[in-house]
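Okay, so here's the structure we're looking at.
No lab work stands behind these numbers, since they all come straight from the coordinates. A quick note: this is a predicted structure, and the numbers were derived from the prediction, not measured. Note: ideal-geometry Cβ built from the backbone for every residue, glycine included; neighbour counts use all protein chains shown.
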Amino acid sequence: MEITDEIVDHIAHLARLEFNGDDKVNIKKDLSNIIDFIDQLNAVDTEGVEPLIFMSDAINVLREDKFEPSITQAEALKNAPNHDSDYFKIAKVLKK
Amino acid sequence: MELSDEIRNKYQPVIGLEIHAQMLTNTKAYSNDKNEYGSPPNTNVSPITLGHPGTLPKMNSKTIDFAIKMGLACDCDISPEQHFARKNYFYPDLPKGYQITQDTTPICTGGKIVIKDDEGNDKSIALTRIHMEEDAGKSIHDIDPFNTLIDLNRAGVPLIEIVSEPEIRSSQEAYNYVTEVRKLVRYLEICDGNMEEGSLRCDANISVMLKGAKKFGVRVEVKNMNSIRNVQRAIEYEINRHIVAIENGEELYQETRNFDALKGTTTAMRSKEAANDYRFFPEPDLQPIKITTEKVQKLKAEMPPLPGALYSKYTNQLGLSSYDAQLLTDQKDIALYFESIIEFTKNYKGAANWLMGDVKSYLNSNAISIKDFPVSAERIAGLINLIDSGAVSHNLASQKIFPELLKGNDSAEEIAKKNDWLQNNNADEIKDIVLTVFKENPEEFERFKNGEKKLMGFLMGKVMQKSKGKADPKSASKMINDLI
């Protein structure tokens, strides 16, 4: 499958990344290699074979609806680059 | 622009609704931190909710039960096998960078919600699906002038999303549909249905087409309507906007629009160029779910009576008016109280009148719910039966016995006996009283006899006074007419 500039731009946008100049050429080549590698799977005839989604046979791994104390507010916030005592702080999302 | 009915009637609105309902579980969908509205910010969180690397979700069994109950209430098929999916997008209040939802295998498929159409007739709105997912956190834009603040208490709160087919045809039908869904989740006690707090949210997909057209018009999605009334207003606004655009030959865009409740208008939120590509794929961290017939049967047995079934029972079997049936089934607790009353009396209309009259106004003036009402359904039924037996008048029951019922535990009959309020139906005694009244008020008696009918009230008053309010008014008035 050919990886076009449009595909790179689209995926980069979704991942919030930017590729320009040589970076873009390189990532195009890398992505093409990855896709070609995976494409080898298409050689296998899977006619009539149910898709396998999960590797384990486990089903219904559920938990009871029971509250258990976890971390404190201070612990929740401490690793964030910017926060006050109540909230995570990030760059303004909405333009006024 | 005001549209004439003539232009308006050329077009057919087509509406589909997506309703998100927050489940009334104790804990989150995939982790055991608290699901609670109104806690201090970022206190109902855990490493899973925060999306820390290496954490693994684990499904809350209660969410599955709740979703199945909603499916059963809507006549859906319950999927025997299902799994979860990742919906990928970046937004600051979505810490993992994806939402765990269901894509190809929703827990419920098909089904319907029965509503009233604009003419008041029953109409079935088909459901596409009901699936389970999680809520995002909250972004707060108006506290800090320089930053957006993030509160992740809501992140991971379990949701069900109820998706209708585009079978709703007017803003009134949409209003009735959301009202019905809210009533159902409240009857099932799986969601509190509070739209102001966002525990029930509605997105509307709206398009219009010429009547008789085969192809739907350009569709927009409207969000941010925090009351059922606003759902109706937003849809009405959009229908109008679409028709005006089509009439003026302007192009409409498929886009997401935001409703502004103050102005009553909608504005574009996301442009179509930035259309999202969610790259769904099966969620590898949650194992598939299998639901047995036994499990579904067990949940079915736990289901409360539902408003639709109660409504039919009241109108078809009990002979109540559609208005009464509507009022009685509006809230589950009221309906259940009514169900209890009619175990003890066959006077269904009387039971409805007492419940929606004296009882309801007591609840309102004391700002309490029927759960805290001090009088048992059996004692209210006793009061109704006492009136029906002719032992007390409705007025006396309402003004004197009802307040006494509220105070203690005596039955209506015991209260009436103790206070000597039982009516006198004894014809001889009433005759004596009437004759005494005639004798003591000769002038009024003469005038009444000569046709001055309005003096009936005066004479009745005297009779009631003499009998200390115990004479049965019907017998007394008949006696007065018989004796002149």
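Quick notes on this structure:
- Only Lys, Arg (+1) and Asp, Glu (-1) charged, at Cβ; the protein assembly as shown dipole about Cα centre in debye: 2040
- Whole-number percent relative contact order across chain B, with pairs defined as alpha carbons under 8 Å at least 6 apart: 13
- Cysteines of the protein assembly as shown lacking any other cysteine Cβ under 4.7 Å from their own Cβ: B:Cys74, B:Cys191, B:Cys202.
- Positive-pole candidate from B:Met464, B:Asn450, B:Leu483, dipole of the range B:427-483, charges at beta carbon: B:Met464
- Taking GluC sites (Glu not before Pro) across the range B:419-467, the ones in a DSSP loop with at most 15 further Cβ atoms lying within 10 angstrom of their Cβ are B:Glu452.
- Angle in degrees between helix B:332-341 and the longest Cα principal axis of chain B, rounded to the nearest 10: 30
- The helix-only estimate of mean residue ellipticity at 222 nm for the protein assembly as shown, built from DSSP H runs of length n ≥ 4 each weighted as -39500 (n - 2.57), is -10500 deg cm²/dmol after division by the residue total.
- Chain B: C-alpha gyration tensor shape, a/c 1.5 cut-off, then a/b vs b/c: prolate
- Judged by the ratio a/c of the largest to the smallest principal axis of the C-alpha gyration tensor, chain A counts as oblate, that ratio being 1.5 or greater while a/b is no larger than b/c.
- On Cα atoms only, tilt of B:427-440 relative to the major axis of chain B in degrees: 70
- One quarter of the surface of the convex hull around the alpha-carbon atoms of the protein assembly as shown equals 40.2 nm², the direction-averaged projected area.
- Dipole size of chain B about its Cα centre, with +1 on Lys/Arg Cβ and -1 on Asp/Glu Cβ: approximately 600 debye, rounded to the nearest 20.
- Residue range of chain B that is longest and free of trypsin sites (Lys or Arg not before Pro) which are both DSSP loop and sparsely packed (at most 13 other C-beta within 10 Å): B:1-210
- Phi-based couplings in Hz for the range B:467-476 (Karplus 6.51, -1.76, 1.60; Gly and Pro marked x): 8, 6, x, 9, 5, 5, x, 5, 5, 5
- Seen against the Cα atoms of chain B and their longest principal axis, helix B:377-388 is set at about 40 degrees.
- Extension gain for the segment B:Ala301 to B:Ala268, taken as residue separation times 0.36 nm less the Cα-Cα distance, is 7.3 nm to one decimal.
- Three-way shape label, the range B:1-117, alpha-carbon gyration tensor, a/c 1.5: prolate
- Derived scalar couplings ³J(HN,Hα) [the range B:251-268; Karplus, 6.51 cos²θ - 1.76 cosθ + 1.60; whole Hz; x for Gly, Pro]: 8, 9, 10, 6, 7, 9, 10, 10, 8, 9, 5, 5, 8, x, 10, 10, 9, 5
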